[in-house]
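For reference, the structure is listed below as C-alpha cells.
The values are calculated or read from the model by the stated rules, or taken from the named source; none is laboratory data. Since the model is a prediction, treat every value here as computed from it, not as a measurement. For neighbour counting, all protein chains shown are included, and Cβ atoms are generated from backbone atoms with ideal geometry for every residue, glycine included. Please note that ligands, DNA and RNA were not included when accessible areas were found on the heavy atoms of the full protein model with its side chains. Shrake-Rupley method; radii C 1.70, N 1.55, O 1.52, S 1.80 Å.
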Amino acid sequence: DAERAIEASHRAGFPAIAVDLIHGALGQTPASAAEDARRAAALGVHHVSDYALTLDELAVDVPLARARREGRYPCPDADAQADMGQALRAALSEAGLDRYEISNFARGGARSVHNLGYWEGRPYVGLGAGASGATPDRRYANGRSAGAYLEALGSGRLPGGDSEPLDGDVRFRERVFLGLRLVEGLDLERLGRAFGADRAGALRERAAPLVAAGLAAFAGPRLALTERGLDLHSEVAARLV
C-alpha cells in the first residue's frame, strides 16, 4: 500500500515526496531495516524520516504499548535497535539521501522547511484543536476539544489552552538542545549574540571533554555532534545545558 501511494504521488506530479520509516519492531533485523530504506529510496522519494519504535512515556496509552507491558509484544533491546538504525542510515546514505538531522535525510536539498523552524528556534503558530505554537517569550497549546475550539472562534474569542513563559535560561537550553540535533550543529557566534558571549564561551568550555571523547567537534564557529554523538544526543546535550 505504501509503495502504491508513493507511485501515485509521482504520477500526480508532487514535486517532493517524503516517507517515514520506523525501526525496532518485533521481528525486524538490521538487514530488513536496511532493505526498507533501499526500497523507499528506489521509489524516488526526496525525504525520509526514520524513528526508533518508542513505546515508553507516550501521551496516550496506545494498544501496542499495553501489549509490550503485558509481555505480548517483546521489542528488540536497545543494542539491537541501534544496530538497525545504523544499517538503515548506511543504506540511505548509499542511495544518496544525506543525513541532515538526527532522524531526517534528504536528497537534493529537499529538507523539511517546517521542521527546520523548530530546530533553528524560529517562532511558529499553532492553528487548530490541540495545536502548539511559540513566540519568542512564550509557548502555548490550544485545548484538545474541537467543539470548544470552534465555539470560541465562533464567538470571536481566542481558544483556551495552556501557556508557558519562556525566560532566557529556558530559551538558551532549548536552542542548544534543538540546534545540536542538526548535523551542521550550532553557530556559537550567533548563539553569543542572542544570549551573551559569556554563555556561549561557557558552552564551548563544557564541550571540550565531549570533543576529546569523539562525541562532538568544532568547525570554525560551529559546534556539532559526531555520528556517535548524534546517536547519544539527549545524554550529550544534557551535559552542555
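Descriptive notes on the structure:
- Scanning the range 124-136 for residues being surrounded by fewer than 16 Cβ atoms within 10 Å (Cβ to Cβ), within 18 Å of the chain's Cα centre (by Cα) and either under 19 Å from residue 60 (Cα atoms) or acidic (Asp, Glu) (or both) gives a total of 1.
- Residue selection: residue 171 fails the criterion of being at pLDDT below 95 and over 19 Å from residue 135 (Cα atoms).
- Subset of the range 91-107 that is of a type in the set (Asp, Glu) and either assigned to a helix (DSSP H, G or I) or open to solvent by less than 40 Å² (accessible area, probe 1.4 Å) (or both) - its residue that is farthest from residue 181 (Cα to Cα): 94
- Residues satisfying the stated conditions in the range 22-63, i.e. touching a helix residue (DSSP H, G or I) at 6+ places or on another chain (Cβ under 7 Å), among the hydrophobic types (A, V, I, L, M, F, W, C) and either buried (at least 19 other Cβ atoms within 10 Å of the Cβ) or without any contact (Cβ under 8 Å) to a residue 24 or more places away in the chain (or both): 33, 34, 37, 41, 45, 48, 55, 58
- Within the range 1-21, the set of residues being of a type in the set (A, V, I, L, M, F, W, C), over 22 Å from the mean Cα position of the chain (by Cα) and either within 13 Å of residue 76 (Cα to Cα) or open to solvent by less than 50 Å² (accessible area, probe 1.4 Å) (or both) comprises 6, 8.
- Every condition in (1) open to solvent by 40 Å² or more (accessible area, probe 1.4 Å); (2) on the phi > 0 side of the Ramachandran plot holds for residue 185 except the one numbered (1).
- The single residue among 139, 171 that is closer than 21 Å to residue 234 by Cα, in contact (Cβ under 8 Å) with a residue 24 or more places away in the chain and open to solvent by 50 Å² or more (accessible area, probe 1.4 Å) turns out to be 171.
- In the range 64-85, the condition of being open to solvent by less than 40 Å² (accessible area, probe 1.4 Å), under 30 Å from residue 162 (Cα atoms) and either touching a Lys or Arg at 6+ places or on another chain (Cβ under 9 Å) or not hydrophobic (A, V, I, L, M, F, W, C) (or both) is met by no residue.
- Residue 121 meets all of the listed conditions (1) open to solvent by 70 Å² or more (accessible area, probe 1.4 Å); (2) in a loop (DSSP other than H, G, I, E, B); (3) closer than 30 Å to residue 189 by Cβ; (4) not hydrophobic (A, V, I, L, M, F, W, C) but one, namely (1).
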